[in-house]
Amino acid sequence: QTRSEAERENRFRMLHDPLTGLPNATYLKAHLDQVAAGAERATRQTAVLRVDLDKFRTLRETLGLRAAEEILRIAARRLRKTMRGGDFAAYLGHDDFVLVAEGLEDAQAAGLIAHRIQAALGQPFSLQGGARRVGCSVGVTLFSDDLPEAERALANAEIALIEAQEAGAGSVRYFSEGLRVEAERREKMFAELLAGLDRGEFVAFFQPQVDLATGALSGFEALVRWRHPRHGLLAPGAFLDYAEAADLTERLG
């Protein structure tokens, strides 16, 4: 092996994921920076699509690590087959894939790519022990014409992906400024919930339960309230959904 061959091999290893063979996060960032640099001069749109396998954590726990890795390898091969000339795909770890598609007319064209990816990944995966179906959710964003930024595009696609996952398995969602505002609100609420738990702001209110047949007191129902430092006493409807989404209900209990 010559020195130049060894250097090329080392560079490939630095920029690609060893499991899937796809470009890694470092390579993706460099590619997005290059796309962003030319976005202002481009006459067509560039879409960033974040693809997440549905319920992959459960699959990994039930099937084991080896089967989960095989699913990721197969998913990477299928993702490559959906790519047009000039598209760029990357693997960021866990079950997180990214596709960068340039030369698009509009968001609808990006949506067609998202559905093509879903059709490819929706086919059964042949594994030892039988076939498994693994769907995916997709978050889509377009590079801004007036302020193209690689990191922002990737973050916007993730916001859209989270919205797709919350909508249910197999969903596709597009980024909008409203989604960003909602994501920031959720992050703020999560931080306030954690701080409130640490400061002991959550208290139990006991509501009596009465036996309708006898009129006798039969017990109490415990209801949580939040003594918020700025908004006063809050009922569960104002924060419980956020606590459940952030896996804080056990701590609240």
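Given contacts defined as C-alpha pairs under 8 Å and at least six residues apart, what's the relative contact order of segment 94-166, whole-number percent?
Dividing the mean separation by the residue count of segment 94-166 yields 23 percent.
Considering only DSSP states other than H, G, I, E and B, which trypsin sites (Lys or Arg not before Pro) in segment 94-158 qualify as loop sites with at most 12 other Cβ atoms within 10 Å?
In loop regions of segment 94-158 (DSSP not H, G, I, E or B), the sparsely surrounded trypsin sites (Lys or Arg not before Pro) are ARG133.
From the phi angles alone, apply the Karplus equation (6.51, -1.76, 1.60; θ = phi - 60°) to segment 162-173 and give each ³J(HN,Hα) in whole Hz, x where the residue is Gly or Pro.
4, 5, 5, 5, 5, 6, x, 4, x, 8, 10, 9
So if each residue of separation counts as 0.36 nm, and I subtract the Cα-Cα distance between LEU197 and HIS228, what length gain in nm does that give?
Full extension from LEU197 to HIS228 adds 10.1 nm.
For ASP33 and ASP96, compute 0.36 nm times the residue count separating them, minus their Cα-Cα distance, and round to one decimal in nm.
20.7 nm
Among (1) 22.4, 98; (2) 23.6, 92; (3) 30.1, 119, which one is Rg and Dmax of the Cα atoms in Å computed from these coordinates?
From the options (1) 22.4, 98; (2) 23.6, 92; (3) 30.1, 119, the structure gives (2).
Please get the size of the charge dipole for segment 134-237, origin at its Cα centre, with Cβ charges of +1 on Lys and Arg and -1 on Asp and Glu, quoted in debye to the nearest 20.
Charge dipole of segment 134-237: 420 debye, to the nearest 20.
Report the label-to-label distance for ARG78 and ALA107 in nanometres (one decimal), using points 7 Å from each Cα along the Cα→Cβ vector.
If labels sit at ARG78 and ALA107, their model points lie 2.7 nm apart.
Given labels modelled 7 Å from the Cα in the Cβ direction, how far is it in nm from ALA246 to THR62?
Result for the modelled spin labels: 3.1 nm.
Just the number, please: carbon plus sulfur as a percent of the accessible area of the chain, 1.4 Å probe, no ligands or DNA/RNA counted.
Accessible surface attributable to carbon and sulfur in the chain totals 50 percent.
Would you please give the FRET efficiency between ALA42 and ARG132, computed as 1/(1 + (r/R0)^6) with r the Cβ-Cβ distance and R0 = 30 Å, to the nearest 0.05?
Efficiency for this residue pair is about 0.15.
List the longest stretch of the chain that has no exposed loop site; here a site is one of the GluC sites (Glu not before Pro) assigned by DSSP to anything other than H, G, I, E or B, with at most 12 other Cβ within 10 Å.
The longest uninterrupted stretch comes out as 106-253.
Rounded to the nearest 0.05, what FRET efficiency do GLN209 and LYS188 give with R0 = 35 Å and r taken as the Cβ-Cβ distance? Could you check?
My answer for the efficiency is 0.45.
So what J values fall out for segment 218-231 if you push phi through Karplus, 6.51 cos²θ - 1.76 cosθ + 1.60 with θ = phi - 60°, rounded to Hz, Gly and Pro as x?
In residue order, the calculated couplings are 10, x, 9, 9, 8, 10, 7, 10, 10, 7, 6, x, 10, 9 Hz.
Please label the shape of segment 1-122 as rounded, prolate or oblate, based on the square roots a ≥ b ≥ c of the eigenvalues of the alpha-carbon gyration tensor (a/c under 1.5 means rounded; beyond that, a/b larger than b/c means prolate, else oblate).
oblate
Would you pull out the residues with amide H under 5 Å of VAL134's amide H, same chain only if 5 or more places away, H placed 1.01 Å from N?
Here the answer is PHE125, since their amide H atoms fall under 5 Å of that of VAL134.
Leaving out ligands and nucleic acids, and using a 1.4 Å probe, what accessible area per residue does the chain come to in Å²?
Heavy-atom SASA per residue in the chain reads 59 Å².
Amide H neighbours of VAL224 under 5 Å, at least 5 residues apart or on other chains, H built in the peptide plane: list them.
Sorted by chain and number, the residues that satisfy this are PHE205.
Viscosity 1.567 mPa s, temperature 4 °C: Stokes-Einstein D of segment 83-123 from its Kirkwood Cα radius, in µm² per second?
116 µm²/s
Express in Å², to the nearest 10, the accessible area of THR214 obtained by rolling a 1.4 Å probe over the protein heavy atoms while all chains stay in place.
That residue has around 100 Å² of solvent-accessible surface.
Simple spin-label model, 7 Å along Cα-to-Cβ: PHE12 to LEU217 in nm?
Computed distance between label sites PHE12 and LEU217 equals 7.7 nm.
Please report the base-10 log of the normalised intensity I(q)/I(0) for segment 132-233, using a Debye sum with one equal scatterer per alpha carbon and no solvent, at each q in 0.10, 0.16, 0.20 (1/Å).
One equal scatterer on each Cα of segment 132-233 leads to -0.55, -0.84, -0.98.
The values are calculated or read from the model by the stated rules, or taken from the named source; none is laboratory data. Nothing here was measured: the structure is a model prediction, and the numbers come from that model. Glycine also receives a Cβ, built like all others from the backbone with ideal geometry; neighbour counts cover every protein chain displayed. In case anyone asks, the SASA skips ligands and DNA or RNA and just uses the protein heavy atoms, side chains included. Shrake-Rupley method; radii C 1.70, N 1.55, O 1.52, S 1.80 Å.
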